[in-house]
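Here you go, one structure.
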Amino acid sequence: LTLDLAVAEANAYTEKTREYFVTITTALEQTVAAIRSLAEDAHRLSHAAVEGRLEVRADASKHRGEYRAIVAGINRIVDRIVQPLQEARSILDAMASRDFTRAMTGQYAGEFESLKQSVNLVVSNVRTTLKEIADDARLFAESSQTIASSSQEVAHGTQTQSASVEEMQASLET
């Protein structure tokens with residue numbers, strides 16, 4: 001934004017009017033600087049967000065009045081976006097480390113509450129599936145032991161019958 005704000009020199013008749021224009025020009029220059037600063041911060045924040053650098057914030061203290069409120073509001077928006085994403089990432093990191101005991105607990109609204117519910121459902125489903133697999137493995141191990149024990153009993157019975165047959169055969173031969 002470029003404005004030509006030069007105020008011409010005055011003569012005795014226009015001195016008071018020139019003073020008004022100087023005051024207006026100074027205020028306009030300050031307004032242009034404030035808008036430029038706000039635009040720069042908005043541009044920097046949007047680029048950072050697009051690049052996934054959600055830790056970037058604007059310094060609201062360098063702005064005044066409503067511009068400060070706008071910048072502070074944008075910072076709060078980014079904070080509200082980052083909180084559920086960080087919590088979801090934390091839960092997924094725990095799952096990657098085979099910890100399926102954690103769930104998202106933050107208080108969120110709208111799409112962020114849907115994200116929380118989805119993450120928690122995934123954790124619950126994985127936990128349930130792992131428990132079912134562990135239960136099935138335990139049942140398989142118990143069944144294998146039963147089969148092994150039965151096989152030993154059958155083998156022992158077969159040996160006993162074989163010995164009896166041999167004894168009968170030996171007694172018949174004598």
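The values are calculated or read from the model by the stated rules, or taken from the named source; none is laboratory data. Here the structure is a predicted model, which means the values were calculated and not measured. Neighbour counts are summed over all protein chains in view; Cβ atoms, including those assigned to glycine, are modelled from backbone coordinates with ideal geometry. We work out accessible area using only protein heavy atoms, side chains counted, and drop any ligands, DNA or RNA first. Shrake-Rupley method; radii C 1.70, N 1.55, O 1.52, S 1.80 Å.
Only residues that are in contact with a helix residue (DSSP H, G or I) (Cβ under 8 Å, 6 or more places away or on another chain) and open to solvent by 40 Å² or more (accessible area, probe 1.4 Å): list them for region 106-115, please.
The first filter runs over region 106-115 and keeps only residues in contact with a helix residue (DSSP H, G or I) (Cβ under 8 Å, 6 or more places away or on another chain), leaving 106, 108, 112, 115.
Selection gives Tyr108, Phe112, Leu115.
List, please: which pairs have Cβ atoms under 9 Å, are six or more places apart or on different chains, and start with a residue in region 112-131 that is in contact (Cβ under 8 Å) with a residue 12 or more places away in the chain and end with one that is part of a helix (DSSP H, G or I) and of a type in the set (Gly, Ala, Ser)?
Leu115/Ala88; Lys116/Ala88; Val119/Ala88; Val123/Ala94
Right, another one. In region 55-65, how many residues are within 15 Å of Val82 (Cβ to Cβ) and either of a type in the set (Ser, Thr, Tyr) or in contact with an Asp or Glu (Cβ under 9 Å, 6 or more places away or on another chain) (or both)?
Initially, region 55-65 is screened for residues within 15 Å of Val82 (Cβ to Cβ), giving 55-58.
Applying the additional criterion that residues be either of a type in the set (Ser, Thr, Tyr) or in contact with an Asp or Glu (Cβ under 9 Å, 6 or more places away or on another chain) (or both) yields 57-58.
Going through region 55-65 one residue at a time, the tally reaches 2.
Quick grid of which residues meet (1) under 30 Å from Glu40 (Cβ atoms); (2) open to solvent by less than 90 Å² (accessible area, probe 1.4 Å); (3) of a type in the set (Gly, Ala, Ser); (4) touching a residue at least 24 places away in the same chain (Cβ under 8 Å):
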residue	(1), (2), (3), (4)
Leu54	yes, yes, no, yes
Ala58	yes, yes, yes, no
Ile77	yes, no, no, no
Ile81	yes, yes, no, yes
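Moving on to the next point. Out of Leu28, Leu38, which single residue is surrounded by fewer than 15 Cβ atoms within 10 Å (Cβ to Cβ) and under 29 Å from Ala6 (Cβ atoms)?
Details: Leu38 fails: surrounded by fewer than 15 Cβ atoms within 10 Å (Cβ to Cβ).
Within the list Leu28, Leu38, the selection yields Leu28.
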